[in-house]
Amino acid sequence: MSRLPRRFAPALATLLLTSLAAAPAWAQTAAAVVPPVAAAVADAKIDSGDTAWMLTSTALVLLMTIPGLALFYAGMVRKKNILATMMQSFIICCLVTVTWMVAGYSLAFTNGNPYIGDLSRFFLNGLGENWDKPFTLGLGSDNPQPQTVPETVYMMFQMTFAIITPALIAGAFADRMKFSAMCVFMVLWSLVVYSPIAHWVWGATGWVGALGAADFAGGTVVHINAGIAGLMCALVLGKRVGYGHDNMAPYNLGYAVIGASLLWVGWFGFNAGSAVAANGRAGMAMAVTQIATASAALAWTFGEWVVKGKPSVLGAISGAVAGLVAITPASGFVLPGPALIIGIAAGVICFWSATSLKHMLGYDDSLDAFGVHGIGGIVGALLTGVFAYGPLTADKDHPLGVTIGGMEQFGHQVVAVAVTLVYSGLATFILLKIVDAVIGLRVNAEEEMEGLDVVLHGERLG
């Protein structure tokens, strides 16, 4: 594959990492003083029920990556790469935890400007102030969003989203990326791609959220983002050695079923937890998540049965994940009937994408990160604009609801999908090229044939 001259790599890295930094807010230092909290907020009390639910949800979402995604992905690779695949999820969890603590959270959820947060929470500076008081997202901005949980809980909940998103990307380059390259790429990607997009959509001052685009739990921020990044990885790294003629069947689908089941259970924290409260909206999000997941699994299973003559275990669990992905952006906005439709659509479309589309276009997305997460996220994000039920977002200023399905909302969703695809795709491509120029992305052919477990980690399954 082509490489950038090494002498250009530092300059390109600096340009990419500072391109969003033109706003004055970036000039804040790690020791910046957090604006004083208003007396009314300081005297408010944490809701113990909401906090208990959010602590539970945080644990459930972390469960999705370790062990859920680790087992799901490991079960779908060949025996010689199982440990390396598990290691990717585990180490990404560790890397992103520290990255999020140092700068990721601050760049995503402080006020900053419409495109990026500031550094007022650099190294979680100031988190100890008002640690036992409710947290207000966007305090001091034109869009304050009072919460009933402490900021530590909110930060941790969002950390688990930041962890699983890059871990999803690993499914696209399974069997062939160097461990060192993976570590460097994931840290850069978390800061340069994930944090800005999270700020656009979920930050109190983010421009995509201000536009009116709806993403309850991560259709754009997590799934489309990870999906298009995975596609870029598959294209830049190229196909696996032997792809198309060697047997690359999953070694242990039992692992994959356990992993998918853990993802399903953990996803209730992912979606219902995104209400950031133990309330009716969380209950609706949980209900529609279950319905969409089951209907998508059935749609993929019966579709495969018709097309290929047999319903496979791999198809059933892939369909369930497709349904989980598609309902994610819609989960706090739709009712059970539309959830059923979203699930069926996701099961059918993602089945086509992961089988026919991939072969038509000729890319090697090893574990269908783009085919399931990218395409499923697009389906869910767009259908949110069609089916959003107004009363779920009603308040005293908007008695009919803030988010109501229709052409206007659908247009907002199209914009959110498009900007996520373009920014994540381009930024990921540039980051991959930089890492490739500096340390190289891929193991050589002999190492790939021997297996990453032994080559990268000096271990193998018995």
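Just checking, how many residues over region 238-265 are surrounded by fewer than 23 Cβ atoms within 10 Å (Cβ to Cβ), closer than 16 Å to residue 68 by Cβ and small (Gly, Ala, Ser)? Adding up the residues that qualify gives 2.
Of all the listed residues (337, 280, 309), the sole one being at positive phi, more than 21 Å from the chain's Cα centre (by Cα) and not charged (D, E, K, R) is 309. Quick check on region 430-446: of everything there that is out of contact with any Leu (no Cβ under 8 Å at 6 or more places or on another chain) and in a helix (DSSP H, G or I), which residue is farthest from residue 166 (Cα to Cα)? My answer is 446.
Going through (1) in a helix (DSSP H, G or I); (2) farther than 20 Å from residue 276 by Cβ one by one, residue 77 falls short only on (1). Taken together, 326, 330 contain a single residue that is assigned to a loop (DSSP other than H, G, I, E, B), of a type outside the set (Lys, Arg) and buried (at least 18 other Cβ atoms within 10 Å of the Cβ), which is 330. For the residues 426, 456, the requirement of being among the hydrophobic types (A, V, I, L, M, F, W, C) and surrounded by 15 or more Cβ atoms within 10 Å (Cβ to Cβ) singles out 456. Within region 301-319, which residues are more than 19 Å from residue 382 (Cα to Cα) and among the small types (Gly, Ala, Ser)? Correct list: 303, 309, 312, 315, 316, 318.
Restricting attention to region 241-289, the residues that are closer than 21 Å to residue 384 by Cα and outside any loop (DSSP other than H, G, I, E, B) total 20.
Among the residues of region 275-294, those that are surrounded by 24 or more Cβ atoms within 10 Å (Cβ to Cβ) and of a type in the set (S, T, N, Q) comprise 289, 293. Taking the conditions (1) of a type outside the set (Lys, Arg); (2) crowded, with 21+ Cβ neighbours inside 10 Å; (3) assigned to a loop (DSSP other than H, G, I, E, B) in turn, residue 413 satisfies each one other than (3). Could you tell me whether residue 220 is in a loop (DSSP other than H, G, I, E, B), hydroxyl-bearing (Ser, Thr, Tyr) and in contact (Cβ under 8 Å) with a residue 24 or more places away in the chain? No: the conditions fail for residue 220.
Residues that are among the small types (Gly, Ala, Ser) and touching a strand residue (DSSP E or B) at 6+ places or on another chain (Cβ under 9 Å) within region 188-237 comprise 203, 204, listed in sequence order.
Filtering region 431-440 to residues that are buried (at least 19 other Cβ atoms within 10 Å of the Cβ) and out of contact with any Phe, Trp or Tyr (no Cβ under 8 Å at 6 or more places or on another chain) leaves 433, 434, 436.
One line per residue, one yes/no per condition, for (1) within 25 Å of residue 251 (Cα to Cα); (2) modelled with pLDDT of 95 or more; (3) assigned to a helix (DSSP H, G or I); (4) out of contact with any strand residue (DSSP E or B) (no Cβ under 8 Å at 6 or more places or on another chain):
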position: 34; (1), (2), (3), (4): no, no, no, yes
position: 59; (1), (2), (3), (4): no, yes, yes, yes
position: 90; (1), (2), (3), (4): yes, yes, yes, yes
position: 114; (1), (2), (3), (4): no, yes, no, yes
position: 129; (1), (2), (3), (4): no, no, no, yes
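Taking region 114-129 as the range and being surrounded by 19 or more Cβ atoms within 10 Å (Cβ to Cβ) and in contact (Cβ under 8 Å) with a residue 40 or more places away in the chain as the test, the residues that pass are 115, 116, 117, 118, 119, 120, 122, 126. Taken as a whole, the structure leaves residue 153 outside the set of residues that are surrounded by fewer than 24 Cβ atoms within 10 Å (Cβ to Cβ), within 30 Å of residue 238 (Cα to Cα) and of a type outside the set (Phe, Trp, Tyr).
The values are calculated or read from the model by the stated rules, or taken from the named source; none is laboratory data. Computed from a prediction, not measured in an experiment: that's the story for all the values here. All Cβ positions, even for glycine, are placed from backbone atoms using ideal geometry, and neighbour counts span all protein chains on display.
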